[in-house]
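*Asks:* I have a structure I would like to understand better, so I am pasting it below and will then ask my questions one at a time.
The values are calculated or read from the model by the stated rules, or taken from the named source; none is laboratory data. Remember, predicted model here, so these are calculated numbers, not experimental data. Note that we place each Cβ from the backbone using ideal geometry, even for glycine, and neighbour counts take in every protein chain shown. The protein model used for the area step is the full one, side chains on, heavy atoms only, and it has no ligands, DNA or RNA in it. Shrake-Rupley method; radii C 1.70, N 1.55, O 1.52, S 1.80 Å.
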There are 2 protein chains.
Amino acid sequence: MSHVIRFLISMAALVAFATVESEGQPMSDEFLIAIHGGGGVRSRAAMTPELEAGYRAALRAALEAGHDVLSGGGNSISAVEAAIRVMEDSPLFNAGKGSSYNAEGVHELDASIMEGATLDAGAVAVVQRVKNPITLARRVMENSPHVMLAGDGALEFGKEQGVDIVAPHYFFTQRKWDSLQRRLDQQTEFGKPTSRDSDDQLDPGLYGTVGAVALDKNGNLAAGTSTGGREGKHPGRVGDSPIIGAGTYAKNATLAVSSTGLGEYVIRIGGTKTMSDLMEYRGVSLDEATNAVKDMIEEMGGSIGVVAIDRQGNLSMPYSFNGMYRGYVRQGGDYVVLIYDE
Amino acid sequence: MSHVIRFLISMAALVAFATVESEGQPMSDEFLIAIHGGGGVRSRAAMTPELEAGYRAALRAALEAGHDVLSGGGNSISAVEAAIRVMEDSPLFNAGKGSSYNAEGVHELDASIMEGATLDAGAVAVVQRVKNPITLARRVMENSPHVMLAGDGALEFGKEQGVDIVAPHYFFTQRKWDSLQRRLDQQTEFGKPTSRDSDDQLDPGLYGTVGAVALDKNGNLAAGTSTGGREGKHPGRVGDSPIIGAGTYAKNATLAVSSTGLGEYVIRIGGTKTMSDLMEYRGVSLDEATNAVKDMIEEMGGSIGVVAIDRQGNLSMPYSFNGMYRGYVRQGGDYVVLIYDE
């Protein structure tokens, strides 16, 4: 690049920066929460009315938990935690109670949380026996000098912090167990799409992850993500969910975002931080940023879904899948819960 | 930001993008390797001639290992691995053999490696008993479908892969053990600067990390980082070193970079990915990108040091500390080894 062009770009960037800093866009004075329960959903053929009602009710309950925090004047980080806890406690999603098994039939959970005002963040990876990893991630953020704890040390910290610790059997669900056995029987290679991935009978939680993003009345953003990780993963595998800048990012000046998909791709490009940087350094909109990263992931052969919001109350929820469990509610607005393209 | 200004910025960005893509800068046809052995060095008062000679010899040996790979036509990822293995095998640096202890007197090691041509990456976190974590990180990249493995699962994968596994005592060094005892006696809070941090007698490995970046004859970049982590850390703590986009990043279109410092800050802003994005989306130079992130980290109250190179053979090595163990060598050039500001 010639020096002249570089100079022109630098000038344009400075103008953009100065503009964002001095003027900004009007901040929304209304709260907003958006959630996802994982990208890649049970096909319409395999979705019974009962099951669909169950998913919709669980997503609605998660939104209500977050909404209650925000309407009561609570902050965005508490709303994110509350919404994610509801999904972690449901057997329907691949997080907490409903987590997928790793290749050895063990549950190893990942989660992270971040607040946009301070860039404070907390994360736990491959943690066993913690009922609500999102709460432990928040404790790491608030009560430790660290950002991320993994494995036995994370469990130990959870015990020190008095979070709910459960027996391994708590995470047992018959359908996840059966799904693992089918996968192991077929020795399906991790991360490679197979015919079973389009099988209507396949447990759709394979790609699952849950996440939430919130904007509170004070204009502060927060984001969080929690998962059991990819079914059949190698013990110790860390996906994108607990990686700040991959599965989760929040920065008041740009966005709050949580992603779902095959995390290995998202880690390699720092998916959510890239969205933030596109907004900050190239001046694109929220929707342009999320779709640009979705395109990058798809070009690499991966898939991704996100829920993202900015401080102006914009909402963006693109995904690569046949659908994504998702929903949102604005202050004074209706609850919106979606599964397929709508 | 007004739509007009956003449009102008988008146009400038498009021009920048098109320019980079279509013209690019002339690629260097010469290889280059740069390394660091950690930021924050023993003060001149506490540095004996013997010890300084030892550091210089170890850094030189690491550079030679990488240089030998590159001059023999080897690729940048192999050069990075070779250089880091030498520093891991030295008792002088906080990585591999010389790693700091965690709060319970256990060594838990982190490492990551990435290649700029493909964005392939591998990482291990809180892994015990693995002699060369950088090699295990490379095996994760090349021989698993995952990017990151942590804890027992990472050790198990190392055994499957046949990497060198050693007894815990291998990592014992008297000075690291003594340093931990002093720290625990004083109950120094993690991450908070204390009077001891400026003590001439303090083991300087507290902040240590090792890293390498290389450019091979084919114009491909690679980067890697390895560490024992911060002394006295909570068991399970994951620093920035194994996080792609925090401690390590490599992308042919932008840079290869490895960082050292207090990793919690670097994780929160995705330090190395931010450098890459500043170059890609704002069109700044390598040196402007590394220094911009250094400024961000320092404004947050943290500290960072990096070695970074780009495909044109530019080199940038800023740091926040009193010095940084570092060095580089270019094809046909002299070996340069530095410790203090020079």
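*Asks:* Which one of these is open to solvent by 10 Å² or more (accessible area, probe 1.4 Å) and closer than 20 Å to residue A:90 by Cβ: A:268, A:282, A:230?
*Replies:* Going through A:268, A:282, A:230 in turn, just one is open to solvent by 10 Å² or more (accessible area, probe 1.4 Å) and closer than 20 Å to residue A:90 by Cβ: A:230.
*Asks:* I'm trying to understand the selection: among the residues of region B:140-163, which are touching a helix residue (DSSP H, G or I) at 6+ places or on another chain (Cβ under 8 Å) and of a type outside the set (Gly, Ala, Ser)?
*Replies:* B:140, B:143, B:145, B:146, B:147, B:148, B:149, B:152, B:157, B:161, B:163
*Asks:* Mind listing just one residue for me: the one in region A:129-148 that is facing another protein chain (nearest Cβ under 10 Å) and assigned to a loop (DSSP other than H, G, I, E, B) and, of those, surrounded by the fewest Cβ atoms within 10 Å (Cβ to Cβ)?
*Replies:* A:145
*Asks:* Moving on. Based on what the data block shows, is residue B:332 open to solvent by 10 Å² or more (accessible area, probe 1.4 Å), touching a residue at least 60 places away in the same chain (Cβ under 8 Å) and assigned to a loop (DSSP other than H, G, I, E, B)?
*Replies:* yes
*Asks:* Take the residues in region A:110-128 that are of a type in the set (Gly, Ala, Ser) and open to solvent by less than 10 Å² (accessible area, probe 1.4 Å); name whichever of them is farthest from the other protein chains (Cβ to nearest Cβ).
*Replies:* Checked region A:110-128; the qualifying residue farthest from the other protein chains (Cβ to nearest Cβ) is A:111.
*Asks:* Still on this structure, I have one more. Scan region B:246-263 residue by residue and report those that are at pLDDT 95 or above, within 10 Å of chain A (Cβ to nearest Cβ) and open to solvent by 10 Å² or more (accessible area, probe 1.4 Å).
*Replies:* Residue satisfying the conditions is B:251 alone.
*Asks:* Let me ask something additional. Return the pair list, or none, for Cβ contacts closer than 6 Å from residues in region B:92-114 that are more than 26 Å from residue B:57 (Cα to Cα) to residues that are buried (at least 24 other Cβ atoms within 10 Å of the Cβ) and of a type in the set (Ser, Thr, Tyr), at least 6 apart or on different chains.
*Replies:* From residues that are more than 26 Å from residue B:57 (Cα to Cα), the pairs are B:114/B:248.
*Asks:* Kindly establish whether residue B:163 is touching a Lys or Arg at 6+ places or on another chain (Cβ under 7 Å), more than 14 Å from every other protein chain (Cβ to nearest Cβ) and β-branched (Val, Ile, Thr).
*Replies:* Considered against the rule, which asks whether it is touching a Lys or Arg at 6+ places or on another chain (Cβ under 7 Å), more than 14 Å from every other protein chain (Cβ to nearest Cβ) and β-branched (Val, Ile, Thr), residue B:163 comes out as yes.
*Asks:* Further question: Within region B:65-90, take every residue that is polar (S, T, N, Q) and closer than 15 Å to residue B:329 by Cα and give me the one that is nearest to the chain's Cα centre (by Cα).
*Replies:* Among those that are polar (S, T, N, Q) and closer than 15 Å to residue B:329 by Cα, it is B:76.
*Asks:* Assuming residue A:108 fulfils every condition listed in (1) among the acidic types (Asp, Glu); (2) within 28 Å of residue A:311 (Cβ to Cβ); (3) out of contact with any Leu (no Cβ under 8 Å at 6 or more places or on another chain) apart from one, which condition is it?
*Replies:* Only one criterion is unmet by residue A:108, namely (2).
*Asks:* Condition (residue is acidic (Asp, Glu) and at pLDDT 95 or above) applied to region B:208-219: is it met by at least one residue?
*Replies:* There is at least one residue in region B:208-219 that is acidic (Asp, Glu) and at pLDDT 95 or above.
*Asks:* Would you confirm whether or not region B:314-326 contains a residue that is at the interface with another protein chain (Cβ under 9 Å from one of its Cβ atoms), without any contact (Cβ under 8 Å) to a residue 60 or more places away in the chain and open to solvent by 30 Å² or more (accessible area, probe 1.4 Å)?
*Replies:* Scanning region B:314-326 turns up no residue that is at the interface with another protein chain (Cβ under 9 Å from one of its Cβ atoms), without any contact (Cβ under 8 Å) to a residue 60 or more places away in the chain and open to solvent by 30 Å² or more (accessible area, probe 1.4 Å).
*Asks:* Checking residue B:308 against (1) in contact (Cβ under 8 Å) with a residue 60 or more places away in the chain; (2) open to solvent by 20 Å² or more (accessible area, probe 1.4 Å); (3) over 21 Å from residue B:47 (Cβ atoms): exactly one of these is not met. Which one?
*Replies:* The single condition residue B:308 does not satisfy is (2).
*Asks:* Right, something else. Tell me which of these residue A:306 doesn't satisfy, since it passes every other one: (1) modelled with pLDDT of 95 or more; (2) out of contact with any Ser or Thr (no Cβ under 8 Å at 6 or more places or on another chain).
*Replies:* The one condition residue A:306 does not meet is (2).
*Asks:* Just checking, which of B:267, B:309 is hydrophobic (A, V, I, L, M, F, W, C) and within 24 Å of residue A:123 (Cα to Cα)?
*Replies:* B:267
*Asks:* Check whether at least one residue in region B:86-109 is surrounded by fewer than 24 Cβ atoms within 10 Å (Cβ to Cβ), touching an Asp or Glu at 6+ places or on another chain (Cβ under 6 Å) and more than 13 Å from chain A (Cβ to nearest Cβ), and report yes or no.
*Replies:* yes
*Asks:* Now a separate question. Just checking, which of B:127, B:147, B:140 is more than 15 Å from the chain's Cα centre (by Cα) and in contact (Cβ under 8 Å) with a residue 60 or more places away in the chain?
*Replies:* Residue meeting the stated conditions: B:147.
*Asks:* From the list B:240, B:277, which one is of a type in the set (Asp, Glu), buried (at least 24 other Cβ atoms within 10 Å of the Cβ) and either without any contact (Cβ under 8 Å) to a residue 24 or more places away in the chain or assigned to a helix (DSSP H, G or I) (or both)?
*Replies:* Within the list B:240, B:277, the selection yields B:277.
*Asks:* Based on this model, can you work out whether residue A:231 counts as of a type in the set (Asp, Glu), modelled with pLDDT under 95 and either within 17 Å of the chain's Cα centre (by Cα) or over 26 Å from residue A:78 (Cα atoms) (or both)?
*Replies:* yes
*Asks:* Return the residues of region B:273-309 that are facing another protein chain (nearest Cβ under 9 Å) and either closer than 19 Å to residue A:118 by Cβ or β-branched (Val, Ile, Thr) (or both); say none if nothing qualifies.
*Replies:* B:274, B:284, B:300
*Asks:* Do you know which residues across region A:157-177 are assigned to a helix (DSSP H, G or I) and open to solvent by 60 Å² or more (accessible area, probe 1.4 Å)?
*Replies:* A:159, A:160, A:168, A:169, A:174, A:175, A:177
*Asks:* Answer yes if at least one residue in region A:63-77 is at pLDDT below 95, assigned to a helix (DSSP H, G or I) and open to solvent by 20 Å² or more (accessible area, probe 1.4 Å), and no otherwise.
*Replies:* Within region A:63-77, not a single residue is at pLDDT below 95, assigned to a helix (DSSP H, G or I) and open to solvent by 20 Å² or more (accessible area, probe 1.4 Å).
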